[in-house]
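Heads up: the structure comes next, in C-alpha coordinates.
The values are calculated or read from the model by the stated rules, or taken from the named source; none is laboratory data. The shown structure was predicted, so the numbers you read here are calculated from the model rather than taken from an experiment. Neighbour counts run over all protein chains shown; Cβ positions are idealised from the backbone, glycine included. These accessible areas exclude ligands, DNA and RNA; they are computed on the full protein's heavy atoms, side chains included. Shrake-Rupley method; radii C 1.70, N 1.55, O 1.52, S 1.80 Å.
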Amino acid sequence: MHDIVIVGAGTAGLSAAIYALRAGKSVLLLEQLTYGGQIVNTPEVENYPGIKSISGFDFAQGLYEQATSLGAELDFAQVTGIDNGEIKTVHAGGKDYECRAVIIATGAKNRPLGLPKEQELTGSGVSYCATCDGAFFRGKAVAVNGGGNTALEDALFLSNYCSKVTVVHRRDAFRGEEKLVQRLREKDNVEFELNATISALIGDDELTGIELSNTKSGEKKELAVDGLFIAIGQMPDNAAFASLVEVDPAGYIVAGEDCKTAVEGIYAAGDCRTKTVRQLTTAAADGAVAALAACAYIG
Ligand code: NAP
(Lines give C-alpha, C1' and ligand atoms only; values in the text may rest on other atoms or scores of the structure.)
Protein backbone atom coordinates (compact mmCIF):
# COMPACT_ATOMS: atom_id res chain seq x y z
CA MET A 1 0.00 0.00 0.00
CA HIS A 2 1.18 3.51 -0.87
CA ASP A 3 0.29 6.78 0.80
CA ILE A 4 -0.58 8.40 -2.51
CA VAL A 5 -1.36 7.01 -5.96
CA ILE A 6 -0.98 9.56 -8.74
CA VAL A 7 -2.80 8.82 -11.98
CA GLY A 8 -0.75 10.26 -14.84
CA ALA A 9 2.98 10.99 -15.05
CA GLY A 10 2.90 14.30 -16.90
CA THR A 11 4.01 17.65 -15.52
CA ALA A 12 1.24 17.82 -12.89
CA GLY A 13 1.65 14.20 -11.78
CA LEU A 14 5.45 14.27 -11.57
CA SER A 15 5.39 17.63 -9.76
CA ALA A 16 2.90 16.18 -7.27
CA ALA A 17 5.20 13.19 -6.76
CA ILE A 18 8.19 15.45 -6.02
CA TYR A 19 6.25 17.42 -3.38
CA ALA A 20 4.69 14.34 -1.74
CA LEU A 21 7.99 12.46 -1.60
CA ARG A 22 9.78 15.44 -0.09
CA ALA A 23 7.00 15.50 2.53
CA GLY A 24 7.93 11.92 3.42
CA LYS A 25 5.02 10.09 1.75
CA SER A 26 5.29 6.99 -0.43
CA VAL A 27 4.14 7.54 -3.99
CA LEU A 28 3.12 5.33 -6.90
CA LEU A 29 2.56 6.86 -10.32
CA LEU A 30 0.30 5.00 -12.74
CA GLU A 31 0.77 5.95 -16.39
CA GLN A 32 -0.93 4.39 -19.41
CA LEU A 33 1.53 5.51 -22.10
CA THR A 34 4.90 7.03 -21.34
CA TYR A 35 6.01 9.49 -18.68
CA GLY A 36 6.28 13.18 -19.47
CA GLY A 37 2.80 13.94 -20.74
CA GLN A 38 1.98 16.32 -23.55
CA ILE A 39 5.00 18.58 -23.13
CA VAL A 40 7.17 15.83 -24.60
CA ASN A 41 5.69 16.81 -27.98
CA THR A 42 6.62 20.50 -27.65
CA PRO A 43 9.85 21.30 -29.49
CA GLU A 44 10.85 24.36 -27.48
CA VAL A 45 9.55 25.61 -24.14
CA GLU A 46 10.39 29.29 -23.64
CA ASN A 47 7.84 30.35 -21.03
CA TYR A 48 8.71 28.31 -17.95
CA PRO A 49 10.01 30.82 -15.40
CA GLY A 50 13.69 30.37 -14.67
CA ILE A 51 14.41 28.32 -17.79
CA LYS A 52 15.09 30.46 -20.86
CA SER A 53 14.69 27.65 -23.35
CA ILE A 54 14.42 23.86 -23.12
CA SER A 55 12.95 21.12 -25.28
CA GLY A 56 9.74 19.58 -23.95
CA PHE A 57 11.46 16.19 -23.90
CA ASP A 58 14.37 17.44 -21.77
CA PHE A 59 11.97 19.21 -19.43
CA ALA A 60 9.95 16.02 -18.92
CA GLN A 61 13.09 13.92 -18.52
CA GLY A 62 14.33 16.28 -15.80
CA LEU A 63 11.03 16.01 -13.92
CA TYR A 64 11.04 12.21 -14.21
CA GLU A 65 14.64 11.92 -12.96
CA GLN A 66 13.90 14.29 -10.07
CA ALA A 67 10.81 12.28 -9.02
CA THR A 68 12.44 8.85 -9.33
CA SER A 69 15.62 9.98 -7.55
CA LEU A 70 13.38 10.90 -4.61
CA GLY A 71 11.85 7.40 -4.65
CA ALA A 72 8.80 7.64 -6.88
CA GLU A 73 7.61 4.28 -8.21
CA LEU A 74 6.07 4.09 -11.67
CA ASP A 75 3.85 1.37 -13.12
CA PHE A 76 2.56 1.42 -16.68
CA ALA A 77 -1.13 0.59 -16.58
CA GLN A 78 -4.39 2.22 -17.59
CA VAL A 79 -6.58 3.15 -14.64
CA THR A 80 -10.12 1.88 -15.13
CA GLY A 81 -11.71 3.01 -11.86
CA ILE A 82 -11.27 4.00 -8.22
CA ASP A 83 -13.16 2.65 -5.19
CA ASN A 84 -13.50 5.28 -2.49
CA GLY A 85 -13.18 4.72 1.26
CA GLU A 86 -10.70 5.47 4.01
CA ILE A 87 -8.45 3.15 2.04
CA LYS A 88 -8.90 3.82 -1.67
CA THR A 89 -8.45 1.15 -4.32
CA VAL A 90 -7.25 2.12 -7.76
CA HIS A 91 -7.97 -0.46 -10.47
CA ALA A 92 -5.44 -0.52 -13.28
CA GLY A 93 -4.26 -3.12 -15.76
CA GLY A 94 -6.10 -5.92 -13.96
CA LYS A 95 -4.47 -5.08 -10.61
CA ASP A 96 -5.72 -3.30 -7.49
CA TYR A 97 -3.57 -0.63 -5.87
CA GLU A 98 -4.42 0.49 -2.34
CA CYS A 99 -3.63 3.95 -1.03
CA ARG A 100 -4.83 6.68 1.30
CA ALA A 101 -5.18 9.49 -1.23
CA VAL A 102 -5.38 9.74 -5.01
CA ILE A 103 -4.27 12.57 -7.26
CA ILE A 104 -5.79 12.44 -10.74
CA ALA A 105 -3.46 14.13 -13.22
CA THR A 106 -4.55 12.62 -16.51
CA GLY A 107 -3.99 15.73 -18.62
CA ALA A 108 -5.69 15.80 -21.98
CA LYS A 109 -5.21 14.19 -25.39
CA ASN A 110 -5.09 15.59 -28.91
CA ARG A 111 -8.41 16.58 -30.46
CA PRO A 112 -8.94 15.02 -33.90
CA LEU A 113 -10.47 16.95 -36.80
CA GLY A 114 -13.06 14.20 -37.20
CA LEU A 115 -12.67 14.00 -40.98
CA PRO A 116 -13.08 10.89 -43.12
CA LYS A 117 -9.74 9.03 -43.64
CA GLU A 118 -8.13 10.89 -40.71
CA GLN A 119 -7.38 7.68 -38.82
CA GLU A 120 -6.20 5.76 -41.89
CA LEU A 121 -3.85 8.57 -42.93
CA THR A 122 -2.42 9.05 -39.43
CA GLY A 123 1.20 8.02 -39.81
CA SER A 124 0.92 8.38 -43.60
CA GLY A 125 1.07 12.16 -43.78
CA VAL A 126 -1.26 13.08 -40.92
CA SER A 127 0.37 13.69 -37.54
CA TYR A 128 -0.44 15.22 -34.16
CA CYS A 129 3.19 15.63 -33.12
CA ALA A 130 5.63 17.88 -34.97
CA THR A 131 8.53 16.98 -32.66
CA CYS A 132 8.02 13.27 -33.26
CA ASP A 133 7.36 13.31 -37.01
CA GLY A 134 8.71 16.62 -38.32
CA ALA A 135 12.01 15.18 -39.51
CA PHE A 136 10.17 12.85 -41.93
CA PHE A 137 9.06 15.93 -43.86
CA ARG A 138 12.47 17.48 -44.50
CA GLY A 139 12.33 19.48 -47.76
CA LYS A 140 8.59 18.87 -48.15
CA ALA A 141 5.50 21.07 -48.01
CA VAL A 142 3.34 20.71 -44.90
CA ALA A 143 0.36 22.38 -43.27
CA VAL A 144 -0.29 23.00 -39.59
CA ASN A 145 -3.89 23.36 -38.44
CA GLY A 146 -4.69 25.49 -35.38
CA GLY A 147 -4.17 28.94 -33.93
CA GLY A 148 -2.96 28.15 -30.41
CA ASN A 149 0.57 27.96 -29.02
CA THR A 150 0.94 24.34 -30.04
CA ALA A 151 0.19 25.08 -33.71
CA LEU A 152 2.42 28.16 -33.72
CA GLU A 153 5.34 26.40 -32.05
CA ASP A 154 4.91 23.40 -34.35
CA ALA A 155 4.92 25.66 -37.41
CA LEU A 156 8.12 27.38 -36.25
CA PHE A 157 9.79 24.05 -35.60
CA LEU A 158 8.70 22.65 -39.00
CA SER A 159 9.86 25.77 -40.84
CA ASN A 160 13.41 24.68 -39.99
CA TYR A 161 12.98 21.40 -41.91
CA CYS A 162 10.27 21.86 -44.51
CA SER A 163 10.30 23.67 -47.84
CA LYS A 164 6.99 25.32 -47.03
CA VAL A 165 4.71 25.49 -43.98
CA THR A 166 1.13 26.69 -44.34
CA VAL A 167 -0.65 27.61 -41.10
CA VAL A 168 -4.38 26.98 -41.46
CA HIS A 169 -6.53 28.67 -38.83
CA ARG A 170 -10.31 29.09 -38.65
CA ARG A 171 -10.12 32.76 -37.59
CA ASP A 172 -7.85 35.68 -38.49
CA ALA A 173 -6.81 36.29 -34.86
CA PHE A 174 -4.60 33.83 -33.02
CA ARG A 175 -5.20 32.32 -29.62
CA GLY A 176 -1.45 31.73 -29.21
CA GLU A 177 1.25 34.25 -28.30
CA GLU A 178 1.74 37.26 -30.59
CA LYS A 179 5.52 36.85 -30.34
CA LEU A 180 5.26 33.45 -32.02
CA VAL A 181 3.00 34.84 -34.77
CA GLN A 182 5.53 37.59 -35.46
CA ARG A 183 8.38 35.09 -35.70
CA LEU A 184 6.36 33.06 -38.20
CA ARG A 185 5.59 36.15 -40.28
CA GLU A 186 9.33 36.81 -40.58
CA LYS A 187 9.94 33.37 -42.13
CA ASP A 188 10.15 33.19 -45.94
CA ASN A 189 8.80 29.65 -46.11
CA VAL A 190 5.71 30.19 -43.90
CA GLU A 191 2.31 31.13 -45.31
CA PHE A 192 -1.06 31.61 -43.65
CA GLU A 193 -4.51 30.44 -44.69
CA LEU A 194 -6.76 32.34 -42.29
CA ASN A 195 -10.53 32.09 -41.88
CA ALA A 196 -10.10 28.60 -43.27
CA THR A 197 -10.97 25.13 -42.09
CA ILE A 198 -9.87 21.79 -43.48
CA SER A 199 -12.90 20.14 -45.04
CA ALA A 200 -11.26 17.05 -46.59
CA LEU A 201 -8.06 15.05 -46.57
CA ILE A 202 -6.83 14.13 -50.05
CA GLY A 203 -4.89 10.94 -50.79
CA ASP A 204 -5.53 7.23 -50.59
CA ASP A 205 -2.54 5.51 -48.98
CA GLU A 206 -0.57 8.72 -48.36
CA LEU A 207 -1.74 12.27 -47.80
CA THR A 208 -1.21 14.36 -50.95
CA GLY A 209 -3.23 17.44 -50.07
CA ILE A 210 -5.99 19.07 -48.07
CA GLU A 211 -9.20 20.80 -49.07
CA LEU A 212 -9.63 24.22 -47.48
CA SER A 213 -12.98 25.93 -46.95
CA ASN A 214 -13.11 29.66 -46.41
CA THR A 215 -15.30 30.35 -43.38
CA LYS A 216 -16.47 33.73 -44.78
CA SER A 217 -17.10 32.99 -48.46
CA GLY A 218 -17.60 29.23 -48.32
CA GLU A 219 -15.14 28.96 -51.23
CA LYS A 220 -13.20 25.69 -51.38
CA LYS A 221 -9.70 25.10 -52.74
CA GLU A 222 -7.07 22.40 -52.63
CA LEU A 223 -3.60 22.76 -51.17
CA ALA A 224 -0.94 20.18 -52.10
CA VAL A 225 0.94 19.05 -48.97
CA ASP A 226 2.89 15.96 -47.97
CA GLY A 227 2.14 16.40 -44.30
CA LEU A 228 -0.59 17.77 -42.08
CA PHE A 229 0.05 18.51 -38.41
CA ILE A 230 -3.20 18.79 -36.48
CA ALA A 231 -2.90 21.04 -33.41
CA ILE A 232 -6.46 22.09 -32.63
CA GLY A 233 -6.36 21.63 -28.90
CA GLN A 234 -6.93 18.85 -26.41
CA MET A 235 -9.75 16.84 -24.89
CA PRO A 236 -9.74 15.41 -21.37
CA ASP A 237 -10.01 11.66 -20.84
CA ASN A 238 -11.73 11.22 -17.48
CA ALA A 239 -14.39 8.61 -18.26
CA ALA A 240 -12.87 6.23 -15.69
CA PHE A 241 -13.59 8.72 -12.88
CA ALA A 242 -16.97 10.05 -14.01
CA SER A 243 -18.92 7.90 -11.54
CA LEU A 244 -16.74 8.99 -8.60
CA VAL A 245 -16.04 12.70 -9.03
CA GLU A 246 -18.00 15.47 -10.71
CA VAL A 247 -17.08 16.00 -14.35
CA ASP A 248 -18.21 19.05 -16.36
CA PRO A 249 -19.96 18.75 -19.75
CA ALA A 250 -16.62 19.00 -21.59
CA GLY A 251 -15.22 16.12 -19.52
CA TYR A 252 -12.98 18.09 -17.12
CA ILE A 253 -12.99 17.08 -13.42
CA VAL A 254 -14.64 19.80 -11.36
CA ALA A 255 -12.03 21.10 -8.91
CA GLY A 256 -10.91 24.60 -7.92
CA GLU A 257 -7.47 26.10 -7.38
CA ASP A 258 -7.15 23.96 -4.23
CA CYS A 259 -7.34 20.89 -6.55
CA LYS A 260 -9.95 19.32 -4.22
CA THR A 261 -12.75 17.32 -5.79
CA ALA A 262 -16.06 16.78 -4.02
CA VAL A 263 -14.66 13.45 -2.72
CA GLU A 264 -12.37 13.62 0.30
CA GLY A 265 -8.88 12.39 -0.40
CA ILE A 266 -9.29 12.58 -4.20
CA TYR A 267 -7.60 15.51 -5.94
CA ALA A 268 -7.41 16.65 -9.56
CA ALA A 269 -4.28 18.43 -10.82
CA GLY A 270 -3.24 19.97 -14.13
CA ASP A 271 -5.02 20.05 -17.48
CA CYS A 272 -7.60 17.41 -16.48
CA ARG A 273 -9.41 19.75 -14.07
CA THR A 274 -11.68 22.74 -14.66
CA LYS A 275 -9.46 25.82 -15.00
CA THR A 276 -8.89 28.76 -17.31
CA VAL A 277 -5.13 28.65 -17.87
CA ARG A 278 -3.58 25.36 -18.99
CA GLN A 279 0.17 25.90 -19.02
CA LEU A 280 3.25 24.04 -17.82
CA THR A 281 3.53 26.47 -14.92
CA THR A 282 -0.07 25.91 -13.83
CA ALA A 283 0.29 22.13 -14.18
CA ALA A 284 3.41 22.17 -11.98
CA ALA A 285 1.68 24.48 -9.50
CA ASP A 286 -1.34 22.18 -9.34
CA GLY A 287 0.97 19.25 -8.65
CA ALA A 288 2.39 21.04 -5.61
CA VAL A 289 -1.04 22.18 -4.35
CA ALA A 290 -2.64 18.74 -4.76
CA ALA A 291 0.29 16.90 -3.18
CA LEU A 292 0.40 19.15 -0.11
CA ALA A 293 -3.40 18.88 0.25
CA ALA A 294 -3.14 15.08 0.03
CA CYS A 295 -0.33 15.05 2.62
CA ALA A 296 -2.44 17.18 5.00
CA TYR A 297 -5.43 14.84 4.46
CA ILE A 298 -3.36 11.75 5.22
CA GLY A 299 -1.84 13.47 8.24
P1 NAP B 1 -5.61 25.79 -27.76
O2 NAP B 1 -4.89 26.91 -27.13
O3 NAP B 1 -6.91 25.33 -27.19
O4 NAP B 1 -5.81 26.18 -29.28
C5 NAP B 1 -6.51 25.34 -30.14
C6 NAP B 1 -6.61 26.04 -31.48
O7 NAP B 1 -7.28 25.17 -32.39
C8 NAP B 1 -7.41 27.34 -31.43
O9 NAP B 1 -6.81 28.31 -32.22
C10 NAP B 1 -8.77 26.93 -31.97
O11 NAP B 1 -9.37 27.95 -32.70
C12 NAP B 1 -8.41 25.82 -32.92
N13 NAP B 1 -9.47 24.82 -33.03
C14 NAP B 1 -10.13 24.18 -32.03
N15 NAP B 1 -11.02 23.29 -32.53
C16 NAP B 1 -10.92 23.39 -33.88
C17 NAP B 1 -11.55 22.74 -34.95
N18 NAP B 1 -12.48 21.80 -34.74
N19 NAP B 1 -11.21 23.07 -36.20
C20 NAP B 1 -10.26 24.01 -36.43
N21 NAP B 1 -9.60 24.68 -35.45
C22 NAP B 1 -9.92 24.36 -34.19
O23 NAP B 1 -4.73 24.44 -27.85
P24 NAP B 1 -3.14 24.27 -27.87
O25 NAP B 1 -2.51 25.18 -28.83
O26 NAP B 1 -2.91 22.81 -28.01
O27 NAP B 1 -2.70 24.69 -26.41
C28 NAP B 1 -3.32 24.08 -25.26
C29 NAP B 1 -2.80 24.77 -24.02
O30 NAP B 1 -1.43 24.45 -23.87
C31 NAP B 1 -2.89 26.29 -24.11
O32 NAP B 1 -3.16 26.81 -22.86
C33 NAP B 1 -1.51 26.67 -24.57
O34 NAP B 1 -1.15 27.99 -24.22
C35 NAP B 1 -0.69 25.63 -23.85
N36 NAP B 1 0.60 25.44 -24.49
C37 NAP B 1 1.66 25.91 -23.81
C38 NAP B 1 2.92 25.74 -24.35
C39 NAP B 1 4.06 26.25 -23.56
O40 NAP B 1 3.84 26.60 -22.39
N41 NAP B 1 5.24 26.35 -24.11
C42 NAP B 1 3.11 25.13 -25.58
C43 NAP B 1 1.98 24.65 -26.26
C44 NAP B 1 0.73 24.83 -25.68
P45 NAP B 1 -10.01 29.25 -31.96
O46 NAP B 1 -8.83 30.07 -31.53
O47 NAP B 1 -10.82 29.86 -33.04
O48 NAP B 1 -10.82 28.70 -30.83
Give me, ordered by chain and number, the residues 5 or more places off Ser55 or on other chains with an amide H under 5 Å from its own placed amide H. Val45
Could you tell me how far the Cα centroid of region 220-245 sits from the Cα centroid of region 260-286, in Å? 21
Place a point 7 Å from Cα of Glu177 in the direction of its Cβ. Which residues in region 29-60 have their backbone N less than 12 Å from it? 44-54
Gaussian network model of the chain, Cα springs within a sub-10 Å range: biggest mean-square fluctuation belongs to which of Cys162, Cys132, Cys272? Cys132
If each K or R counts +1 and each D or E counts -1, the residues other than Lys220 whose Cβ falls under 13 Å of its Cβ total -2
Contour minus Cα-Cα span, Glu120 to Asn214, at 0.36 nm per residue, comes to 31.3 nm
Quick one: pull the percent of accessible area on region 181-234 belonging to carbon and sulfur, 1.4 Å probe, ligands and nucleic acids left out. 40
Only loop residues by DSSP count here, and only those with at most 13 other Cβ atoms within 10 Å; note down the trypsin sites (Lys or Arg not before Pro) in region 51-95 that meet that. Lys52
Plugging the Cβ-Cβ distance of Tyr48 and Asn189 into 1/(1 + (r/R0)^6) at R0 = 22 Å yields, to the nearest 0.05, a FRET efficiency of 0.20
Charge dipole (debye, nearest 20) of region 112-230; +1 at Cβ of Lys and Arg, -1 at Cβ of Asp and Glu: 380
Tally Lys/Arg at +1 and Asp/Glu at -1 over every other residue whose Cβ is under 15 Å from the Cβ of Ala242; what's the total? -3
Where only protein heavy atoms count, and the probe is 1.4 Å, what is the accessible area per residue for region 112-230 in Å²? 50
For the Cα atoms of the chain, what angle does the longest principal axis make with the long axis of helix 56-69, in degrees from 0 to 90, nearest 10? 10
Just want to confirm a number: the relative contact order over region 35-146, from Cα pairs under 8 angstrom separated by 6+ residues, in percent. 20
Show the residues, 5+ positions off or on another chain, whose built amide H is closer than 5 Å to the amide H of Val126. Leu207, Leu228
Quick one: dipole size for region 114-175, taken about the Cα centre, charges +1 on Lys/Arg Cβ and -1 on Asp/Glu Cβ, in debye to the nearest 20. 180
Percent antiparallel among DSSP beta bridges confined to region 112-230, nearest 5, equals 40
Bin all alpha-carbon pair distances of the chain at 10 Å intervals from 0 and give each bin's fraction as a whole percent. 7, 27, 30, 21, 13, 3, 0
Can you tell me the orientation of helix 11-22 relative to the chain, as the angle in degrees between its alpha-carbon axis and the longest Cα principal axis, to the nearest 10? 30
Based on DSSP H runs of at least 4 residues, each adding -39500 (n - 2.57), what is the mean residue ellipticity at 222 nm of the chain after dividing by all its residues, to the nearest 500 deg cm²/dmol? -7000 deg cm²/dmol
Mind checking which of Glu153, Glu118, Glu178 has the largest fluctuation in a GNM of the chain, springs on alpha carbons under 10 Å? Glu178
The chain: relative contact order as a whole-number percent, Cα under 8 Å and 6+ apart: 21
Any chance you could check the Cα centroid distance between region 5-34 and region 138-164 for me, in angstrom? 33
With Cα atoms, 0 to 90° folded angle of helix 149-159 axis to the chain main axis: 50
Kindly give Rg over Rh for region 112-230, based on alpha-carbon atoms, with the Kirkwood expression for the hydrodynamic radius. 0.93
For region 172-210, which trypsin sites (Lys or Arg not before Pro) pass both filters: DSSP loop (anything but H, G, I, E, B) and at most 16 other C-beta atoms within 10 Å? Arg175, Lys187
